[in-house]
1. Please determine, by comparing only the residues of region 52-67 that are in contact with a strand residue (DSSP E or B) (Cβ under 9 Å, 6 or more places away or on another chain) and buried (at least 17 other Cβ atoms within 10 Å of the Cβ), which one is nearest to K111 (Cα to Cα).
2. For region 71-78, indicate whether the set of residues that are of a type in the set (V, I, T), more than 16 Å from N27 (Cα to Cα) and touching a helix residue (DSSP H, G or I) at 6+ places or on another chain (Cβ under 6 Å) is non-empty.
3. I want to confirm something. Restricting to region 37-49 and keeping residues that are assigned to a loop (DSSP other than H, G, I, E, B) and in contact with a helix residue (DSSP H, G or I) (Cβ under 6 Å, 6 or more places away or on another chain), which single residue is farthest from D85 (Cα to Cα)?
4. Could you tell me which numbered condition M44 fails, if it satisfies all but one of (1) buried (at least 16 other Cβ atoms within 10 Å of the Cβ); (2) modelled with pLDDT under 95; (3) in contact with a Lys or Arg (Cβ under 9 Å, 6 or more places away or on another chain)?
5. Which residue pairs have Cβ atoms under 6 Å apart, sit 6 or more places apart or on different chains, and have a first residue in region 90-109 that is in a strand (DSSP E or B) and a second that is at pLDDT 95 or above and aromatic (F, W, Y)?
6. Suppose we filter D120, D56 for residues that are over 15 Å from L24 (Cβ atoms), of a type in the set (D, E) and at pLDDT below 95; which single one remains?
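The values are calculated or read from the model by the stated rules, or taken from the named source; none is laboratory data. Because the structure is predicted, anything quoted here is derived from the model rather than measured. For neighbour counting, all protein chains shown are included, and Cβ atoms are generated from backbone atoms with ideal geometry for every residue, glycine included.
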Amino acid sequence: MDEPSIQERRKLKRKSLSYYMLVLDANSREMIGHLVDITPLGLMMDSQKPLPLGTDYRLRLDTMPDVADKNYIKFTARTKWCLPDVVEPYLYDIGFSITDITQHDGEIIRKIAEKYAARDSFSFPAR
């Protein structure tokens, strides 16, 4: 069978989040990846480099006025899994659990998840 075209592969690899958001290192503001999906408990992103498991990261997400009363939120999240993307071999899919967040920023994440995340919530691969 022939390999699918890039256009066909993109159709297969639809991102769950309907709004494109960068995930930044909160201290350096270096881009870590792009948000794929988010819940109040965790997030999934894609990245051009793998990240070590069990590592805590201080993350920053820029927000929008329709879900937040400030321009960005910061929180700590721990890598739970990291797998090569099956469609785009130069990307890694990475799952995080949120380990430290203020109550107010947690509410903003809940609003982001309600407004922009997939209707069928993602789950972490069994590890």
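1. Applying the first criterion (in contact with a strand residue (DSSP E or B) (Cβ under 9 Å, 6 or more places away or on another chain)) to region 52-67 yields 52-63.
Those still in the list that are buried (at least 17 other Cβ atoms within 10 Å of the Cβ) too: 57, 59-61, 63.
On the way: Y57: 22, L59: 18, R60: 16, L61: 13, T63: 10 Å.
Restricting to residues being in contact with a strand residue (DSSP E or B) (Cβ under 9 Å, 6 or more places away or on another chain) and buried (at least 17 other Cβ atoms within 10 Å of the Cβ), the top hit is T63.
2. Restricting attention to region 71-78, the residues satisfying the condition of being of a type in the set (V, I, T) are 73, 76.
Applying the additional criterion that residues be more than 16 Å from N27 (Cα to Cα) yields none.
Scanning region 71-78, I find no residue that is of a type in the set (V, I, T), more than 16 Å from N27 (Cα to Cα) and touching a helix residue (DSSP H, G or I) at 6+ places or on another chain (Cβ under 6 Å), so the answer is no.
3. Taking region 37-49 as the starting set, the residues that turn out to be assigned to a loop (DSSP other than H, G, I, E, B) are 39-41, 48-49.
Next cut, in contact with a helix residue (DSSP H, G or I) (Cβ under 6 Å, 6 or more places away or on another chain) only: 39-40.
Working: T39: 21, P40: 24 Å.
By that ranking, first place goes to P40.
4. With respect to (1) buried (at least 16 other Cβ atoms within 10 Å of the Cβ); (2) modelled with pLDDT under 95; (3) in contact with a Lys or Arg (Cβ under 9 Å, 6 or more places away or on another chain), M44 is out only on (3).
5. Matching pairs, first to second residue: G95/W81; I98/F75.
6. Numbers: D56 fails: at pLDDT below 95.
Step by step, each of D120, D56 is checked, and only D120 is over 15 Å from L24 (Cβ atoms), of a type in the set (D, E) and at pLDDT below 95.
Yes/no matrix, rows are residues, columns are (1) farther than 22 Å from E114 by Cα; (2) at pLDDT 90 or above; (3) part of a strand (DSSP E or B):
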{"position": "Q7", "(1), (2), (3)": "yes, no, no"}
{"position": "R14", "(1), (2), (3)": "no, no, no"}
{"position": "S28", "(1), (2), (3)": "yes, yes, no"}
{"position": "L51", "(1), (2), (3)": "yes, yes, no"}
{"position": "D66", "(1), (2), (3)": "no, no, no"}
{"position": "T79", "(1), (2), (3)": "yes, yes, yes"}
